[in-house]
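This report concerns only the one structure given below.
The values are calculated or read from the model by the stated rules, or taken from the named source; none is laboratory data. Everything quoted here is computed from the prediction, not taken from an experiment. Cβ atoms come from the backbone with ideal geometry, glycine included; neighbour counts cover every protein chain shown. Please note that ligands, DNA and RNA were not included when accessible areas were found on the heavy atoms of the full protein model with its side chains. Shrake-Rupley method; radii C 1.70, N 1.55, O 1.52, S 1.80 Å.
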Amino acid sequence: MNALPAPAASSRLRGELARFLLVGFTAVAIDFAVYRGLLSLALDVHPAKTTGYVAGAAFGYFANRAFTFRVGARWHPRELLGFLAVYAVALAANVAVNALALAVLGRGEIALALAFVAATGVSAAMNFIGLKLFVFGADAAPHGGAAAGDSAGARTTLSLVIPCYNEAANLPLLVARLRETFRDERVEAVLVDNGSSDDSPAVLARLLEGQSRIRSVRVEVNRGYGHGILAGLRAARGEVIGWTHADMQTDPFDALRGLQLFDADADPRRLFVKGRRHGRPLGDVAFTVGMSAFETVLLGRRMWDINAQPTLFPRAFFETWREPPQDFALDLYAYHQALHQGLRVQRFPVRFGERAHGHSHWNVNWRAKLRFIKRTVDFSLRLRRELRERPA
């Protein structure tokens, strides 16, 4: 199978490393507090150092599992054995470096601190490499999180739906970007001609001639943004499906960055991935904050940047949907259903830029925003009523 693009793997690695360092600093504080406490009780240096290290390691195990590498699968004995092996090697290196530094520098306060820093740095590097490669990392064998019958190292397939309504001017740029980035055989893009009245059908036919991983679906009559997306989702073939915009305000490559979160997760069947926008005008940010706060209070679940793209989720989750909305409330519906069904929501930053051509079909002015708010509020109230009437 082809690997994901290098920028996606690099982004994942940076995130893991940053979280590992945060966990590590906390574990070091625990380690050092126990170590110095035992020294003050006149315990010998090496037993004190070992006990402090074990205390920090215990914290590090649970924090790295849940926070750094975000393992969602059920615990498996192999994981603990791998962790113990990695930490045993790192512990030996930690004690050895600490002893060597003290032998060279002596036993003064400064020497103790320098020896501690050197020993911790060496063992931390060994821990991160060991945990990523052999215990929690994305490339390690799954601990029961993969679907039955999956082969080791199997990669998830993706279908990205992109609704297009009168986007003829944007389509050449969009298809060019898809041809540039959607080269992996396990990904496809489904462009939905959502009842366009411009030259979109002819433009799509010309641009997609001979394409195998970019195809189109035609909706004859436009019945709403959500209706077009749903038509594309039903035609999708991937294990992970979802959507983004056609206007080039969001880069379709973002979906590949989102897909790597499924590849990295031990239980991708319970994962819901969504972008988190930045680079937007202040007025749009204020609008988002207001709608997020309203929906959080109304529906009783913390929600943020509801209309951010891309939105990605397992096919099995889509198959549970009942009467989803046909308009822009589809973003809210999918997000809320994911929270309601207990899926783990992961967000990642995406750049939100200007449209390449034309204008938005809803975000034209504040009057259009008010219409959007009214439709969303109406749907939200109906959704809350259905939740209250649903048997426990």
Report task. For residues that are out of contact with any Gly (no Cβ under 8 Å at 6 or more places or on another chain) and open to solvent by 60 Å² or more (accessible area, probe 1.4 Å), scanning just region 1-17, find the one that is modelled with the highest pLDDT. Result -> LEU17
Report task. Would you mind stating whether ARG280 is surrounded by 16 or more Cβ atoms within 10 Å (Cβ to Cβ), of a type outside the set (Phe, Trp, Tyr) and under 21 Å from THR68 (Cα atoms)? Result -> no
Requested in this report: Select from region 299-320 the residues that are open to solvent by 20 Å² or more (accessible area, probe 1.4 Å) and closer than 13 Å to PHE272 by Cβ and list them in ascending order.
Outcome: ARG301, ARG315, ALA316, PHE318, THR320
Query raised in the report: Residues in region 195-227 that are in contact with a helix residue (DSSP H, G or I) (Cβ under 7 Å, 6 or more places away or on another chain), assigned to a helix (DSSP H, G or I) and aliphatic (A, V, I, L, M): how many?
Result: 3
Report task. Could you pull out the residue among ALA42, ALA103 that is surrounded by fewer than 16 Cβ atoms within 10 Å (Cβ to Cβ) and part of a helix (DSSP H, G or I)? Result -> ALA103
Report task. From ARG355, ARG302, ARG384, ARG388, grab the single residue that is modelled with pLDDT under 90 and in contact with an Asp or Glu (Cβ under 7 Å, 6 or more places away or on another chain). Result -> ARG355
Query raised in the report: Could you say whether any residue in region 306-316 is closer than 22 Å to VAL187 by Cβ and touching a Pro at 6+ places or on another chain (Cβ under 6 Å)?
Result: no
Query raised in the report: Do we find a residue being modelled with pLDDT of 85 or more and in contact with a His (Cβ under 7 Å, 6 or more places away or on another chain) anywhere in region 105-112?
Result: no
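Just wondering, is there one or more residues in region 128-145 that are open to solvent by 40 Å² or more (accessible area, probe 1.4 Å), modelled with pLDDT of 80 or more and more than 32 Å from the chain's Cα centre (by Cα)? Working first, answer last.
Going residue by residue through region 128-145, those that are open to solvent by 40 Å² or more (accessible area, probe 1.4 Å) are 129, 133-134, 139, 141-142, 144.
Narrowing further to those that are modelled with pLDDT of 80 or more: 129.
Okay, now just the ones that are also more than 32 Å from the chain's Cα centre (by Cα), so none.
So far as region 128-145 goes, no, none of its residues is open to solvent by 40 Å² or more (accessible area, probe 1.4 Å), modelled with pLDDT of 80 or more and more than 32 Å from the chain's Cα centre (by Cα).
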Query raised in the report: So which of LEU271, LEU339, LEU230 is at pLDDT 95 or above and out of contact with any helix residue (DSSP H, G or I) (no Cβ under 7 Å at 6 or more places or on another chain)?
Result: LEU230
Report task. Within region 57-77, identify whether any single residue is among the small types (Gly, Ala, Ser), open to solvent by less than 20 Å² (accessible area, probe 1.4 Å) and more than 28 Å from the chain's Cα centre (by Cα), and answer yes or no. Result -> no
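For region 146-185, enumerate the residues that are among the charged types (D, E, K, R) and modelled with pLDDT of 90 or more.
If the condition is that a residue be among the charged types (D, E, K, R) and modelled with pLDDT of 90 or more, then GLU167, ARG177, ARG179, GLU180 are the ones that fit.
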Query raised in the report: Say we look at region 180-213 and pick out the residues that are within 27 Å of LEU330 (Cα to Cα) and among the basic types (Lys, Arg); which of these is surrounded by the most Cβ atoms within 10 Å (Cβ to Cβ)?
Result: ARG186
Report task. Consider only pairs whose beta carbons are under 7 Å apart and that are at least six residues apart or on different chains; among these, list those whose first residue lies in region 276-301 and is over 21 Å from GLN337 (Cβ atoms) and whose second residue is in a helix (DSSP H, G or I). Result -> PHE287/LYS369
Query raised in the report: Within region 55-69, can you find the residues that are among the hydrophobic types (A, V, I, L, M, F, W, C), in contact (Cβ under 8 Å) with a residue 12 or more places away in the chain and part of a helix (DSSP H, G or I)?
Result: ALA55, ALA57, PHE59, ALA63, PHE67
**Report entry** region 214-245, subset farther than 19 Å from ARG322 by Cβ and touching a Lys or Arg at 6+ places or on another chain (Cβ under 8 Å), residue most open to solvent (accessible area, probe 1.4 Å)
**Finding:** GLU239
Requested in this report: Scan region 246-257 and report the pairs whose first residue is closer than 13 Å to ARG276 by Cα and whose second residue is at pLDDT 85 or above and among the hydroxyl-bearing types (Ser, Thr, Tyr), with Cβ atoms within less than 7 Å and a gap of 6+ or a chain change.
Outcome: THR250/THR244; ASP254/THR244; ALA255/THR244
